[in-house]
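Right, one structure below, let's go through it.
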Amino acid sequence: MEAYRITGRRASEIVADIEHGVESGALPPDTALPPMRTLATRLGINPNTVAAAYRTLRERGVVETAGRRGTRVRRRAAGRESRGMPVPPGVRDLASGNPDPALLPDPRVALAEVAARAASQPVLYGEPPVGPELALVARESLRADGVPEGPLAVTSGALDAIERVLLTRLRPGDPVAVEDPGWGGLLDLLSTLGLRPVAMAVDDEGPLPEALEHALTSGVRACVITARAQNPTGAAVSAARAGALRPLLAAFPETLLIEDDHGHGIVSAPLNPLGGLGTHWALVRSVAKSLGPDLRVAVLTGDPVTVRDVAARIGAGPGWVSRILQDTVALLWPDRARPDGPAPVSYDTRRGLLCDALARRGVAARGRTGPNLWIPVPDETAAVAGMLAAGWAVAPGSRYRLESGPGIRLTVSSLAPEEMDRVADDLAAVLAPAPGTRPG
């Protein structure tokens, strides 16, 4: 800070000068800014002017107030999901979180049918942004799962939907309750938007009621909860947990609730929806895991005002998600929605086999639904390096954690049943205490 002298006499000038320092690298992340009165004295201006500048910087997500540590340049995530080490040749990738390609549908027949339809009757400007075929399939699916009736919008994947919903109600600097450990992509998004994550601890049944209550009473403006196949722990909101969470959410009707149901089509656990209790809510159902990541389609429902505002933002930008993609999803989706379908059964089987194999070796693992396991470890770096040396790439927990303890995420999508014992043997060996040390 001593090497960078902030200048300006008006709040806008101070803001511009500090932003220049951040962008140029002269004020790196975590740099402490001068106390407001100190800077005001140095510049010969009223402290209220500095206070206004700092407030603007907080709203833009440039700085954050860190209690006794003062006002500091905000750390911006450099892509948690993309920070992992490259997988060397000959090493099995258990880190990327991709679905098993063998469980994805063959899109050729559906694409050919949709292409023929598009050739004879192309979609032009002015058509409804939500295709009627996808709307019908989505409404039937949501209704069967007990989701409250609401309007529909279509976005380019789950994260696109979550971003657009957050932008309808929140401003930079607002706090958002998120699961901990939780999805690295969501944590990146909050950082990019200048929103402040507030950690909610989770177990196998979803967010802990006391964690949600603490977040709500602390004043969070929004809450993001994963319905099933939570990334990275595999948690799924149970009926009992939903019953405990609903009264808490109902007591804060102005807090925006976003439910992420990306696990639809790959899990056997039923959906226990939480939405419809407050003024503003949304549920996002995407197809990346069940139909393939390149089908960038998610269906969004929620209260009329929220969905209307999201639709307006889409209309003012891209206009709509390709109806060719929407119609393709509408043809493929119904066959993949059964809880006893190939994907849910396969992921349940493989996840269960590996959990059991690890348990026999004294290694605890969490993974109730979906393709991921969360394994607490004493040292993430050592665990990741050790597994890499054994021929397995696993994801470090730092991509997903806020306040929770260290761990690693392991995806079973590419594992065959006969490989489970070898993975468990290698991980148990990596986590075993070194010779001559005392456990614990």
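The values are calculated or read from the model by the stated rules, or taken from the named source; none is laboratory data. Worth saying up front: this structure is predicted, and the values here are computed from it rather than measured. Note that we place each Cβ from the backbone using ideal geometry, even for glycine, and neighbour counts take in every protein chain shown.
When residues of segment 160-182 are filtered for being part of a helix (DSSP H, G or I) and within 28 Å of GLU210 (Cβ to Cβ), how many remain?
4
For segment 213-233, how many residues are closer than 30 Å to SER413 by Cβ and either of a type outside the set (Gly, Ala, Ser) or over 13 Å from the mean Cα position of the chain (by Cα) (or both)?
9
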(message) LEU159 - would you say it is at pLDDT 95 or above and within 13 Å of the chain's Cα centre (by Cα)?
(response) yes
(request) Read through the list (1) over 14 Å from the mean Cα position of the chain (by Cα); (2) surrounded by fewer than 23 Cβ atoms within 10 Å (Cβ to Cβ); (3) not in a helix (DSSP H, G or I), then give the number of the only condition that ALA240 fails. (result) (3)
(message) Testing LEU216 on (1) out of contact with any strand residue (DSSP E or B) (no Cβ under 6 Å at 6 or more places or on another chain); (2) of a type in the set (A, V, I, L, M); (3) closer than 22 Å to LEU300 by Cβ, one condition comes back false. Which one is that?
(response) (3)
(request) Please specify each residue of segment 36-82 satisfying the condition of being of a type in the set (Lys, Arg), in a helix (DSSP H, G or I) and modelled with pLDDT under 85. (result) ARG58, ARG68, ARG69, ARG80
(request) Test LEU358 against the stated conditions and say whether it is within 23 Å of LEU271 (Cα to Cα) and either part of a strand (DSSP E or B) or in contact with a Leu (Cβ under 8 Å, 6 or more places away or on another chain) (or both). (result) no
(message) Conditions first: (1) touching a strand residue (DSSP E or B) at 6+ places or on another chain (Cβ under 7 Å); (2) surrounded by 24 or more Cβ atoms within 10 Å (Cβ to Cβ); (3) under 23 Å from ALA227 (Cα atoms). VAL329 passes all but one, so which condition is the exception?
(response) (1)
(message) Within segment 103-122, take every residue that is small (Gly, Ala, Ser) and over 31 Å from the mean Cα position of the chain (by Cα) and give me the one that is nearest to SER290 (Cα to Cα).
(response) ALA112
(request) Would you mind finding the one in GLU140, GLU127, GLU133, GLU113 that is surrounded by fewer than 19 Cβ atoms within 10 Å (Cβ to Cβ), part of a loop (DSSP other than H, G, I, E, B) and either charged (D, E, K, R) or at pLDDT below 95 (or both)? (result) GLU127
(request) Scan segment 92-133 for residues that are in contact with a Gly (Cβ under 9 Å, 6 or more places away or on another chain) and among the polar types (S, T, N, Q) and jot them down. (result) SER96
(request) Pairs only if they're at least six apart or on different chains, beta carbon under 7 angstrom, first in segment 119-142 and in the same structural domain as SER156 (by TED's automatic domain parsing), second assigned to a loop (DSSP other than H, G, I, E, B) and at pLDDT 95 or above; list them, first residue then second. (result) PRO129/TRP320
(request) Look through segment 24-43, keep the residues that are closer than 16 Å to ARG72 by Cβ and without any contact (Cβ under 8 Å) to a residue 12 or more places away in the chain, and return whichever of them is surrounded by the fewest Cβ atoms within 10 Å (Cβ to Cβ). (result) GLY25
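Among the candidates GLY397, GLY391, single out the residue that is over 18 Å from PRO88 (Cβ atoms) and of a type outside the set (D, E, K, R).
None of the others qualify; the one that does is GLY397.
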(request) Output the number of residues of segment 347-363 satisfying the condition of being buried (at least 18 other Cβ atoms within 10 Å of the Cβ) and either touching a residue at least 24 places away in the same chain (Cβ under 8 Å) or assigned by TED's automatic domain parsing to the domain that holds ARG117 (or both). (result) 9
(message) Anything in segment 389-420 that is without any contact (Cβ under 8 Å) to a residue 12 or more places away in the chain and either more than 19 Å from ARG351 (Cα to Cα) or in the same structural domain as LEU190 (by TED's automatic domain parsing) (or both)? List them, or say none.
(response) ALA389
(message) I'm trying to understand the selection: among the residues of segment 183-229, which are hydroxyl-bearing (Ser, Thr, Tyr) and outside any helix (DSSP H, G or I)?
(response) SER218, THR226
(request) Quickly run through segment 364-388 and pick out the residues that are part of a loop (DSSP other than H, G, I, E, B) and free of Cβ contacts under 8 Å to residues at least 60 places away in the same chain. (result) ALA364, ALA365, VAL377, PRO378, ASP379
